[in-house]
Structure formats: C-alpha cells, structure tokens
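Below is one structure; the comments refer to it alone.
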Amino acid sequence: LSNAENATLWQFEVDHSLIDCGMCYVVKAANGNFFVIDSAHPYSVRDDFRICEFLRKQSGGKKPVVEGWFISHGHEDHVGKIKDILKYHKDELEIKAFYYNLPSLELPESKGWGESGNNIMQSFIDELNARPEIKKHKMHAGQRFYIDNLEFTVLCTHEDVFPRTLENFNNTTISVMMKVGNCKVSFPGDSMGESDRVLIRRYSADTLKCDVIQMSHHGHTGTSSEFYRRSAAECLLFPITEIKFDEELPRQEANRVAIEIAKEYHIASNGAAEIPLPYKFGQTKILPDETFEDFNGIFQLWCYEYTDEY
C-alpha cells in the first residue's frame with residue numbers, strides 16, 4: 001500500500017495511578033500530522049506533559065502538528081487534560097482545529113450533571129475561546145470531514161437524542177467513524193442507552209461494520225450487544241484499567257458479545273496499543289507500561305469495593 005493509504009492508531013495509556021477512567025486516542029496520518037481524540041482526567045496529573053511528549057516522540061523530535069483535536073463530550077476524564085494543554089503547553093505543539101459539539105450548560109438537565117464536571121467543561125470552553133487562531137468546527141450527524149488521508153463521518157450527537165432526556169451526560173457523546181482506505185475504526189465515545197437507540201435505529205450493519213472499535217463508556221454500561229454485533233470488529237480497544245475490566249466483564253453482556261466476535265482486545269492500562277492501519281491481525285504492538293495502578297490510592301479516593309484478590 002502507498003503511504004496515502006496508511007496511518008497509525010494508538011490507544012494512549014493514560015495515567016491510572018489515581019483514577020480508573022480517562023480516554024485518549026492518537027492517529028498519525030500519512031503526512032505525519034496528528035488527529036487526537038479526547039485527553040485524560042485531571043487526576044491523571046502529568047498526562048498533559050505525557051501526551052505532548054508522546055506526540056513529540058512520534059514526530060521524531062519535531063514540534064507536533066495536530067490537524068484536528070476531537071472532543072467526544074465534556075466529561076472531565078475526556079477534557080481534563082486538553083484544557084491544561086491549551087493553558088500550559090500552547091507553544092509545544094501546533095493545534096489547527098477542534099471538532100466538538102458540547103451541550104449548553106443552560107439546559108435544565110445540566111443541574112444533574114455535577115458542578116465539578118460542569119466547571120471543568122466550562123474551563124475547557126474558556127481556554128478554547130482564548131485561542132481565536134484555532135479553528136472550531138461544530139459537529140452534526142451526517143457531516144463528513146477529512147484530515148489528510150483520514151475520512152470521518154459523524155454518526156450521532158446529543159442533538160439526535162432530542163427530545164429524549166439528556167439527564168445522563170454520557171448521551172451527549174459524539175459517535176464518529178474513521179476510514180483509512182477501506183479500513184474503518186469506530187469511536188462511540190461514552191455513548192449509552194439513548195445514543196445507542198439512535199445508532200441502532202438509524203444505521204444498518206453495513207454502516208456500523210468496522211475493523212477496530214473503541215469500547216463505549218470504557219467497557220462499563222454503554223452501547224448494546226446489538227451495536228457490537230453490527231460492528232463485528234476484529235480488534236477491541238478498552239480505555240479502562242485491567243481491574244475494572246475484570247470486574248465489569250461478568251455483568252456486561254455487550255463486552256462478552258464483542259469479545260466473542262473479535263480476534264484481539266487491548267486494555268489501556270497495560271500499555272499503549274500501536275495499530276498500523278489498515279488493520280491486520282497480528283500487527284498490533286503493545287508499548288511498555290508506563291504508569292502504575294495505585295489500588296490503595298484509588299480506593300481511598302473513590303471507595304471502590306475491591307475484593308481481597310485485587
């Protein structure tokens with residue numbers, strides 16, 4: 001294949017030392033520039049540095065050029081570190097555009113989203129507005145956009161959930177499909193029940209079929225078993241820790257269905273997964289594990305009921 005038909009996808013290993021959630025994906029296009037999806041939680045305290053360092057390393061030491069930074073939704077584990085990158089690292093990389101569609105904090109449902117999360121989303125918006133040189137693109141279902149040899153199609157936004165409630169903030173997620181040549185990678189973000197209903201009602205297996213898929217809502221309750229049957233992905237990416245993956249698997253039928261269909265799956269806390277695109281089984285490389293899951297620290301902060309075995 002020519003370079004124009006190739007790309008590289010990384011499931012970035014966000015720091016899970018003090019938090020078990022967070023999601024960041026990096027795609028290197030044929031021209032050597034990047035498309036990034038989300039970032040990490042504020043409790044992944046050094047991940048603004050780590051993400052910038054990773055992009056610089058994959059640029060061969062040169063100043064990285066991010067053609068587009070995609071924000072799936074405004075939860076703190078998705079925008080927490082991009083707001084810090086905008087604030088503290090603006091000279092370390094060139095960001096050309098943001099792609100997003102965040103709900104208004106004036107919606108009646110916003111009162112139930114949580115003050116802390118709303119404040120973090122607003123601080124991201126404030127940092128973005130302070131950078132007028134960066135283009136901003138508001139996403140709507142049906143839109144198609146291109147980053148060099150990468151083609152993206154927007155499948156669902158919170159506008160498509162209306163008039164159903166957005167009480168669960170995860171239903172404000174944008175779901176997007178990326179194509180590299182004939183290879184398709186699905187990013188449903190944190191899509192859950194209402195978003196899943198839109199996706200299943202609107203799209204057939206021909207549209208949802210993909211080679212690689214990011215597991216919705218980190219492998220917690222997210223999209224349905226039917227969504228994964230239609231997706232029929234050979235490679236699954238879980239933006240989660242090993243311990244939470246193990247805990248969720250027995251009670252999440254959708255995860256088990258997806259795993260039965262797939263040839264491989266990768267958990268973010270075990271090291272970044274590097275996937276050459278177009279995808280071919282056996283070519284995925286797992287980079288060295290860089291962060292340590294501090295189970296005691298997470299327990300003190302979040303009061304998870306870990307078993308003695310964990």
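The values are calculated or read from the model by the stated rules, or taken from the named source; none is laboratory data. This is a predicted model, so every value here is computed, not measured. All Cβ positions, glycine included, derive from the backbone under ideal geometry; neighbour counts span all protein chains shown. These accessible areas exclude ligands, DNA and RNA; they are computed on the full protein's heavy atoms, side chains included. Shrake-Rupley method; radii C 1.70, N 1.55, O 1.52, S 1.80 Å.
Brief remarks follow.
- Of the residues Cys183, Ala272, Ser72, the one whose Cα sits farthest towards the positive end of the charge dipole of the chain is Cys183 (charges of +1 on Lys and Arg Cβ, -1 on Asp and Glu Cβ, taken about the Cα centre).
- Between the residues Ser17, Asn149, Leu249, the greatest Cα displacement towards the positive end of the dipole of the chain, with unit charges on the Cβ of Lys, Arg, Asp and Glu, is found for Asn149.
- Each Lys and Arg adds +1 at its Cβ and each Asp and Glu adds -1 at its Cβ; summed about the Cα centre, the chain shows a dipole of about 1380 debye.
- Förster radius 41 Å - calculated FRET efficiency between Ser59 and Lys263 (Cβ-Cβ, nearest 0.05): 0.85
- Segment Lys87-Asn31, extension gain: residue separation times 0.36 nm, minus the distance between their alpha carbons: 17.5 nm
- Extension reserve of the Glu242-Gln143 stretch, reckoned as 0.36 nm per residue once the Cα distance is removed: 32.1 nm
- Along the axis of the charge dipole computed for the chain (Cβ charges of +1 for Lys and Arg, -1 for Asp and Glu, origin at the Cα centre), the listed residues Ser231, Met215, His137 are led at the positive end by His137.
- Gyration tensor (alpha-carbon) shape descriptor, the chain, a/c threshold 1.5: rounded
- Gyration tensor (alpha-carbon) shape descriptor, segment 32-177, a/c threshold 1.5: oblate
- Note: relative contact order over the chain, using C-alpha pairs below 8 Å and six or more positions apart, is 18 percent.
- Rounded if a/c under 1.5, otherwise prolate or oblate - segment 138-278, Cα gyration tensor axes: oblate
- Those lysines that a straight Cα-Cα span of less than 23 Å connects to Lys63, excepting residues fewer than 8 apart in one chain: Lys28, Lys81, Lys83, Lys87, Lys90, Lys96, Lys135, Lys136
- By accessible area, using a 1.4 Å probe on protein heavy atoms only, the chain has 48% of its surface on carbon and sulfur.
- Placing a pseudo-label 7 Å from each Cα along the Cα-to-Cβ vector at Asp206 and Ala232 gives an inter-label distance of 1.3 nm.
- Within segment 162-309, percent of DSSP bridges classed antiparallel, to nearest 5: 45
- Coil-residue chymotrypsin sites (Phe, Trp or Tyr not before Pro) of segment 132-209, DSSP, other Cβ within 10 Å capped at 15: none
- Average accessible surface area per residue within segment 116-188, 1.4 Å rolling probe, Å²: 44
- Length gained when the stretch Gln300-Gln283 is fully extended (0.36 nm per residue, less Cα-Cα span): 2.2 nm
- Total charge dipole magnitude, segment 103-228, about the Cα centre, Cβ charges on Lys, Arg, Asp, Glu only, Debye to nearest 20: 360
- Here nothing in the chain passes the span test, since no DSSP H helix has an alpha carbon length of 15 Å or more along the helix axis and a Kyte-Doolittle mean of 1.0 or above.
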